[in-house]
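First comes the structure, then the notes that go with it.
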Amino acid sequence: MGFSLPSLARRAEWGLALRLALAIVLPLLFLLSFRQPGMPAVRIVLGIGAAFAIWALWYQLGRTNRAVARFIDAVRYDDFAQRFGLGKGVGFDRLGEALDGAIIDLGKRRMEAADEARFLGAIVDDAPIALLTIHDGDRVRLLNKAARRQFGAIGGNRLQDFAVFGSEFVSALAQPAAGRRLTRMAMDGTGQRTILESARVERMGEDVRIVSLLPVQNMLGSAEMAAQGDLVRVLTHEIMNSLTPVTSLARTAADLLAASPLGGDPELAEARTAIDTVARRAEGMHRFVESYRSFASAPVVHRRSFEAAPWADEILRIFVADPTSAGVRLVREIADGLQIDGDPQLLAQLSLNILRNAAAAAGAGPEPLVRFHAARSATGAVLLEVADNGPGIPPERREDIFLPFYTTRAEGHGVGLSFVRQVTTAHGGSIAVEKAPEGGALFRIILP
């Protein structure tokens with residue numbers, strides 16, 4: 001502005017000193033004039049001057065005080081449109097300019113701070129992971145859209161209000177120590193593995209925990225499926241490398257023995273039978289291993305939106321026509337107007353695999369029943385359920401059944417449910433097995 005604060009202060013001090021001196025000297029001279037005879041004109045002039053000097057001092061001090069008070073109020077109430085001109089003369093005009101400059105600079109800085117706060121707030125609000133704070137021991141505040149989408153429906157702000165997401169999840173939230181932990185959060189009836197990370201901060205003298213929640217069920221499922229696919233790819237490659245020459249040699253030997261006359265030698269006939277058996281089993285193993293190579297390739301999803309009712313009716317017609325469903329009572333529960341976003345062909349094969357497993361399990365009982373349910377969940381996801389009244393699946397085996405080649409049926413290959421999980425994971429969904437209300441197994445699939 002062309003001046004420094006020390007020079008401004010000095011000029012203001014000199015201006016105040018001059019006004020003060022005039023307010024003292026002129027009244028004193030006015031009083032002294034009465035000791036001199038005559039001089040009425042001088043007394044009048046001195047009296048007017050003294051009165052004006054006192055008034056000017058009082059006016060300037062009052063105006064300055066009011067300007068400083070207005071400046072303080074403007075700062076307190078964020079009123080940065082105020083201006084504080086103090087008029088011309090002996091430094092007070094520069095004080096007004098300084099107050100104007102200060103309020104303008106404060107306004108600019110406050111605007112910059114507000115813009116930065118809005119920017120940071122938008123980052124927090126649009127963050128893809130749920131963020132919340134816990135203070136006063138058990139009071140929870142949802143910080144962003146992801147948290148409000150996930151927890152806004154519970155209508156409470158205490159830790160106990162989150163019990164609908166499972167006791168394990170509430171226990172993890174209540175842990176006072178900062179750090180990272182893996183927990184399970186019940187969503188739409190299935191346990192979703194979630195990384196919970198918390199940190200402690202102090203806000204206005206209060207100890208606050210900031211908690212972030214990252215659901216990793218789909219990521220872990222994808223990584224697990226990829227690892228299993230790599231393992232199957234390596235195993236089938238090595239098995240095929242060893243099995244192919246064995247199959248070829250066994251078939252060649254069997255063909256040679258079949259073309260040669262036996263000459264009534266029973267041992268030669270027995271050898272030909274044994275080699276022919278080896279050749280057939282080797283060819284069968286070759287086809288068996290070749291069929292599992294498809295598991296190593298993740299299914300390609302061609303996603304589109306389609307109506308659930310006609311899609312489900314077609315699946316159920318195929319299921320009813322299958323010999324495995326003979327004698328099984330089918331219950332159809334499809335929500336009106338339900339739309340599914342996914343690959344209809346892959347989801348149809350997924351549903352048929354589960355339905356056939358459910359029919360096989362229910363067939364062990366006197367009145368076999370299978371229920372197929374499709375609806376919208378409380379969180380807006382598509383919920384597909386297949387339940388039966390069979391013997392059910394023990395809790396310790398509910399994760400194993402999705403492993404490739406794991407089966408408890410003599411005629412099973414252990415690929416159907418692995419394919420089901422592959423398709424579910426490829427759609428970004430999750431699958432879980434629970435106890436069905438009918439007493440058997442309940443397969444619950446959630447599609448976002």
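The values are calculated or read from the model by the stated rules, or taken from the named source; none is laboratory data. Remember, predicted model here, so these are calculated numbers, not experimental data. Here the Cβ is made from the backbone with ideal geometry for all residues, glycine too, and neighbour counts use every protein chain on show.
If the condition is being part of a loop (DSSP other than H, G, I, E, B) and surrounded by 17 or more Cβ atoms within 10 Å (Cβ to Cβ), then the stretch 317-336 contributes only 328. Residues in the stretch 218-226: is at least one surrounded by fewer than 17 Cβ atoms within 10 Å (Cβ to Cβ), modelled with pLDDT of 70 or more, within 28 Å of the chain's Cα centre (by Cα) and acidic (Asp, Glu)? No, there is no match, as no residue in the stretch 218-226 is surrounded by fewer than 17 Cβ atoms within 10 Å (Cβ to Cβ), modelled with pLDDT of 70 or more, within 28 Å of the chain's Cα centre (by Cα) and acidic (Asp, Glu). Selection of the stretch 186-213 for residues being modelled with pLDDT under 85 and surrounded by 13 or more Cβ atoms within 10 Å (Cβ to Cβ) yields 186, 187, 188, 189, 190, 191, 192, 193.
One line per residue, one yes/no per condition, for (1) at pLDDT 75 or above; (2) surrounded by fewer than 19 Cβ atoms within 10 Å (Cβ to Cβ); (3) acidic (Asp, Glu):
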{"residue": "397", "(1), (2), (3)": "yes, yes, no"}
{"residue": "402", "(1), (2), (3)": "yes, no, no"}
{"residue": "408", "(1), (2), (3)": "no, yes, no"}
{"residue": "414", "(1), (2), (3)": "no, yes, no"}
{"residue": "418", "(1), (2), (3)": "yes, no, no"}
{"residue": "422", "(1), (2), (3)": "yes, no, no"}
{"residue": "426", "(1), (2), (3)": "yes, no, no"}
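Applying the set (1) among the hydrophobic types (A, V, I, L, M, F, W, C); (2) in contact with a Ser or Thr (Cβ under 6 Å, 6 or more places away or on another chain); (3) under 30 Å from residue 60 (Cα atoms) to residue 129 leaves exactly one unmet item: (3).
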